[in-house]
1. Within segment 92-118, can you find the residues that are more than 23 Å from PRO136 (Cβ to Cβ) and either surrounded by 19 or more Cβ atoms within 10 Å (Cβ to Cβ) or touching a residue at least 24 places away in the same chain (Cβ under 8 Å) (or both)?
2. Answer yes or no as to whether LEU272 is surrounded by 13 or more Cβ atoms within 10 Å (Cβ to Cβ), of a type in the set (A, V, I, L, M, F, W, C) and touching a helix residue (DSSP H, G or I) at 6+ places or on another chain (Cβ under 6 Å).
3. When segment 60-79 is examined, which residues are found to be of a type in the set (D, E, K, R) and at pLDDT 95 or above?
4. Would you tally the residues in segment 277-289 being assigned to a strand (DSSP E or B) and farther than 14 Å from ARG306 by Cα?
5. Please give the number of the condition PRO177 fails out of (1) loosely packed, with under 12 Cβ neighbours inside 10 Å; (2) touching a residue at least 12 places away in the same chain (Cβ under 8 Å); (3) touching a strand residue (DSSP E or B) at 6+ places or on another chain (Cβ under 7 Å).
6. Given the residues GLU224, GLU250, which is the only one that is acidic (Asp, Glu), closer than 27 Å to LYS277 by Cβ and at pLDDT below 90?
7. Kindly establish whether THR85 is more than 22 Å from the chain's Cα centre (by Cα), of a type in the set (Ser, Thr, Tyr), assigned to a loop (DSSP other than H, G, I, E, B) and surrounded by fewer than 16 Cβ atoms within 10 Å (Cβ to Cβ).
Amino acid sequence: MKTLMIAALSLALAALTSFSAAANEHPVLRSQVMTLSDIVTVGDFYSNAGDVAQVPLFRSPDMGTSGNVPATTVAQRARDAGLVTAGTDGLRTVVVHRGATRLNRHQLENLIRNDLAKLEAGIDPEGLEITLLQAPDQILADPKAADPVRIDRINWSRNNGHFTVFATIAVEHGTRPLTVTGTAVEMIDVLVLGQPLKRGDIVQDGDLTTIRLPRLKVNTAALEDGTNIVGKAARVNLRPSQPLSHKDFEYPVLVERGDKVTVTYNVGAMNLTSRAKALTNGAKGDVIDVMNLQSRRVVPATVTSRGQVAVHAAHAIVASLNKEAN
């Protein structure tokens with residue numbers, strides 16, 4: 001009796017397992033289908049499609065688009081293809097999405113920018129300002145293609161910036177040509193003033209900014225950063241938003257013509273000083289003429305700081321000035 005009960009229980013478990021497996025293998029209709037192919041198969045629509053999974057049922061919509069298919073139509077065609085238990089599973093429609101590689105205008109600009117930079121050494125792709133004149137708003141290419149959009153040739157004039165691009169787009173059955181026109185201008189960041197400076201004004205960090213200008217319109221002497229001019233004085237009146245160069249600036253005038261200055265003479269271990277009058281303006285490091293206030297003698301001197309100059313003269317001159325200082 002016990003043996004019979006065990007046998008019956010084993011049969012019940014086997015039947016339950018078989019029923020569960022059959023339930024798991026029952027085909028289920030998907031509400032949405034995503035495909036990259038031009039054909040939608042039984043296996044695209046149904047999970048557990050078995051041996052008929054690769055049988056075609058419908059043509060896909062165009063690349064990058066979607067289409068709705070009645071669930072009853074899908075189920076009927078699937079049964080006709082051999083999936084005899086195919087049903088609608090409570091669905092009214094199935095949405096089929098056809099994938100595509102999409103390029104918008106910005107992405108197309110970047111593609112052209114990088115190819116232009118390869119034409120000649122020294123071209124920075126980040127410095128190319130691209131403007132598309134004749135180009136599609138969006139390109140749809142075959143996502144299965146290794147090279148969805150290929151640039152075959154570019155005609156570009158660096159003088160006026162105009163270009164024509166000849167490209168090839170991978171499509172559903174082969175390729176199609178694409179011609180794009182536009183302008184590509186090499187731009188450069190240049191240093192300018194954010195506000196005007198008068199002659200003699202000292203340049204501060206806050207006075208400077210940068211703007212992008214076409215490289216061909218910028219003088220080669222134009223500055224790109226203010227490292228060497230901060231703290232210098234404007235040589236002339238300067239307007240904002242105009243490229244700057246080193247010649248626009250000079251060291252600040254520390255001694256002006258007519259100033260009374262202290263003259264230092266270094267003679268061996270001795271430092272002798274006297275008073276003199278500056279005959280010309282001078283910035284730090286400039287050599288100017290000064291006239292001794294007592295002897296009226298004129299000697300060259302180097303400006304060292306505001307109101308201070310140093311004389312490196314011949315011994316005879318030093319001796320003479322030293323005698324006058326005494």
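The values are calculated or read from the model by the stated rules, or taken from the named source; none is laboratory data. Owing to the predicted nature of the structure, the values given are computational and were not obtained by experimental measurement. Counting neighbours? That spans all protein chains shown, and the Cβs are built from the backbone with ideal geometry, glycine included.
1. THR93, VAL94, VAL95, VAL96, listed by residue number.
2. Spelling it out, LEU272 is indeed surrounded by 13 or more Cβ atoms within 10 Å (Cβ to Cβ), of a type in the set (A, V, I, L, M, F, W, C) and touching a helix residue (DSSP H, G or I) at 6+ places or on another chain (Cβ under 6 Å).
3. ARG77, ARG79
4. Result for segment 277-289: 1.
5. Here PRO177 meets the rest and fails (2).
6. Only one candidate passes the filter, namely GLU250.
7. Yes: the conditions hold for THR85.
Conditions tested, residue by residue: (1) at pLDDT 95 or above; (2) more than 30 Å from GLU250 (Cα to Cα); (3) more than 23 Å from the chain's Cα centre (by Cα).
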| residue | (1), (2), (3) |
| --- | --- |
| PHE163 | yes, yes, no |
| GLU172 | no, yes, yes |
| THR181 | yes, yes, no |
| GLU186 | no, yes, no |
| ASP189 | no, no, no |
| LYS198 | no, no, yes |
| ASP201 | no, no, yes |
